[in-house]
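Please read the structure below before turning to the comments.
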Amino acid sequence: MSIATPPRPLDVTALFPRLAPLARTATRLHPRPGSPTMHDSSVGGPLLWPADEPWPHCPGPHVWDGRNPALSPDDVRWERHIRAELTGRPCSDPNLPLAARYTPQEAAIAKRIKAGRPWPDGLVAMLPLAQLYVRDIPGLRPPGQSEADLLQVLWCPFDHPANPTTTLRWRSTAEITDVLDAPPEPSAMQFRGYLPEPCLLAPEEITEYPHSLELSKELQEELRDWSRWQAAGAAVDSSYSVAPDEFYTGELSVAPGWKVGGWTRWGLTDPMPRRCPECGTDTDPLLTIAGSEWNAGTQGWAPEEDRANLTSPLPLPASQKPTGLDIARGSNLQLHACPVSPDHPHIELIQ
């Protein structure tokens, strides 16, 4: 696949030269539903996991929230399969409730899923979230002096306390001889939105600039000065005259969606220190895990291949939410890694 981000509406460094030295390269991953193998970079695909290495399990606690019945990964897969079947099935009455359109087999499956699964008591097998080969992802480099050429990310499908907890594995593929064929799956999971759809990737390098909240006070004041933006002419819509810094934040600074590297997106909180718990070194943005590839405020980042669908009525194009994930009601989970060693703990940030 080849997927391209549209050119930015203007060269922001021509208007604000002090941004130029702050530019960073990020790699948008552009996940798209597919059938990845363990030898592919993917989201939600199988992992190239050594047969002699234990599969990671989360010790919990996994506390029932009192509202949502637990589901198995297969329950979620069946729900998605049935929904896709109904979407493509002719119906004489579009107002007919979905349940009335089920086949007898689908009705039996839906009834079983509604009953829920037992809440887990003890260890929970973690779910594969992403596998990234260094050969495929420009800018992906293991920390320190590691010779690893593969990054694997797994997570627990339960909140701890506000987001899934993740584990990272950096590997050298040359050292893997026997591969685990049938990794364990959790018997239950908390939310449907924690099971990723298998997706292949179409990596693309772009340039990012810091979120406005990470800029100096002087630069923030410059971005709020509408007269500075008027030099760009029609490239900036006059509707931004009241708050031109929002144009910078939404269209010029940090790309939405899945990506490696780049800058951190803020919004739920102000910027905070992200120092390694082991050695105190400032961590670097490693991977952004997103439920959506763009939203109403970042629509200008939608790839060229999807722009024809942006003005269509609902439903939104499937490429906007290809992975099926929903993280903290539309937020992103950003992982930051210590540059000193792959053995140092990483930081999880919800924004």
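The values are calculated or read from the model by the stated rules, or taken from the named source; none is laboratory data. Computed from a predicted structure; not experimentally measured. Positions of Cβ are backbone-derived with ideal geometry, glycine not excepted, and every protein chain shown enters the neighbour counts. For accessibility, only protein heavy atoms count, side chains too; no ligands or nucleic acids. Shrake-Rupley method; radii C 1.70, N 1.55, O 1.52, S 1.80 Å.
Of note:
- Relative contact order [Cα under 8 Å, 6+ residues apart], segment 84-202, whole percent: 23 percent
- Between helix 104-115 and the chain: long-axis angle, C-alpha atoms, 0 to 90°, nearest 10: 70 degrees
- Just the protein heavy atoms count here, and of the accessible area of the chain at 1.4 Å, carbon and sulfur take up 52 percent.
- Mean-square fluctuations from a GNM of the chain, with a 10 angstrom spring cutoff on Cα atoms, peak among 142, 90, 56 at 90.
- Listed peptides 254-266, 27-39, 73-85 appear in the order 254-266, 27-39, 73-85 once ranked by packing, highest mean of other Cβ atoms within 10 Å at the front.
- Ordering of 205-215, 168-178 by packing [mean C-beta count within 10 Å, highest first]: 205-215, 168-178
- Comparing 223, 127, 310 in a Gaussian network model of the chain where C-alpha atoms under 10 Å apart are linked, the largest mean-square fluctuation is found at 310.
- Solution diffusion estimate, µm²/s, Stokes-Einstein, segment 155-283, Kirkwood Rh from C-alpha pairs, 25 °C, viscosity 0.890 mPa s: 127 µm²/s
- Only DSSP H runs of four or more residues enter the estimate; each adds -39500 (n - 2.57), and after division by the residues of the chain the mean residue ellipticity at 222 nm equals -3500 deg cm²/dmol.
- On a per residue basis, segment 34-78 carries 48 Å² of accessible surface, using protein heavy atoms and a 1.4 Å probe.
- Segment 215-343: C-alpha gyration tensor shape, a/c 1.5 cut-off, then a/b vs b/c: oblate
- Computed over segment 193-351: relative contact order in percent, which uses C-alpha pairs under 8 Å that are six or more apart: 27 percent
- Reciprocal mean inverse distance between Cα atoms of the chain - Kirkwood radius, Å: 22.1 Å
- Packing-based ranking, highest mean first, of 286-292, 14-20 given that Cβ atoms within 10 Å are counted: 286-292, 14-20
- Of the GluC sites (Glu not before Pro) found in segment 268-351, those that fall in a DSSP loop while having at most 14 other beta-carbon atoms within 10 Å are 278.
- The mean sequence separation of alpha-carbon pairs under 8 Å and at least six residues apart, normalised by the residue count of the chain, gives a relative contact order of 26 percent.
- The lysines whose alpha-carbon is closer than 16 Å to the alpha-carbon of residue 321, local same-chain residues fewer than 8 away aside, are 259.
- In degrees, nearest ten, helix 73-87 long axis to first principal axis of the chain (Cα): 80 degrees
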